[in-house]
């Protein structure tokens, strides 16, 4: 079978990106298949976040090709992001969920955060939104009563805010969900709960698993979830394979990074740099 005929969520070929004289990506090739869980890892500044932003269509057309599945069309064919206008990229995003490192919650209430996307994108009314809000809050083990729906997001703990960010992403029933440093800044108990939540939201009863993309330095997350692991190094993919093989590697590039991951994970509690 022709590779182009195989089902894919993402296909990247020859992707380069530079900020001035600083070259971040130096020819990235990557395929992600439907239902995969993939973790992007690598030292600070290696380009993980830049790669994610290219997939999300946040940069102008670069040297190289980024194609993603369009779930708005029958069969979800791959489309070239460089050929789409902003409205077409926004349409792609209605089939995705994104959980940012700092959560990026809107000001207002818990309900406001879930309501806005459903109202603006799906043109839903409160009668349809409230049951969805209760369902996704229950899915992330948050309260579902009216008082909690009306809670100001500034009153939530870090772990609860992260759960709400996941619930908001789930409210659109996405085909693909992206997590940018999902456990950064959380205590060990909350981090373990979020790791389990990522695993749970990856699966969909009676349907093919969601595609899950995770940017992380969290070694515990990798050990717990055992995703396909993609390591970026010097702007290219240095390793791509099962986490067990990554963890067992004696490579002079992988081993020092693997041992340093807990330190890097703690450092990421600050704001991320654009090199990712």
Query - Residue among 111, 179 that is in contact with a strand residue (DSSP E or B) (Cβ under 7 Å, 6 or more places away or on another chain) and crowded, with 19+ Cβ neighbours inside 10 Å - result: 179
Requested in this report: Give the range 14-45 a look and list any residue that's part of a loop (DSSP other than H, G, I, E, B) and touching a helix residue (DSSP H, G or I) at 6+ places or on another chain (Cβ under 9 Å), or say none.
Outcome: 35, 42, 43, 44
Query raised in the report: Taking the range 223-234, which residues are buried (at least 22 other Cβ atoms within 10 Å of the Cβ) and outside any strand (DSSP E or B)?
Result: 227
Query raised in the report: Does residue 38 meet the test of being surrounded by 15 or more Cβ atoms within 10 Å (Cβ to Cβ), closer than 20 Å to residue 65 by Cβ, under 20 Å from the mean Cα position of the chain (by Cα) and at pLDDT 95 or above?
Result: yes
Report task. Kindly provide the set of residues from the range 162-182 that are in a loop (DSSP other than H, G, I, E, B) and more than 25 Å from residue 7 (Cβ to Cβ), ordered by number. Result -> 171, 181, 182
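Could you tell me which of the residues 185, 128, 159 is assigned to a helix (DSSP H, G or I) and within 30 Å of residue 47 (Cα to Cα)?
Working: 185 fails: assigned to a helix (DSSP H, G or I); 128 fails: within 30 Å of residue 47 (Cα to Cα).
Of 185, 128, 159, the one residue that is assigned to a helix (DSSP H, G or I) and within 30 Å of residue 47 (Cα to Cα) is 159.
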Report summary line: The number of residues in the range 200-222 that are more than 15 Å from residue 178 (Cα to Cα) and surrounded by fewer than 23 Cβ atoms within 10 Å (Cβ to Cβ) is 8
Query raised in the report: Yes or no: residue 76 touching a strand residue (DSSP E or B) at 6+ places or on another chain (Cβ under 9 Å), surrounded by 21 or more Cβ atoms within 10 Å (Cβ to Cβ), touching a residue at least 40 places away in the same chain (Cβ under 8 Å) and over 25 Å from residue 234 (Cβ atoms)?
Result: no
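The values are calculated or read from the model by the stated rules, or taken from the named source; none is laboratory data. Here the structure is a predicted model, which means the values were calculated and not measured. Don't worry about glycine lacking a Cβ; one is built from the backbone with ideal geometry, like all the others, and counts go over all protein chains shown.
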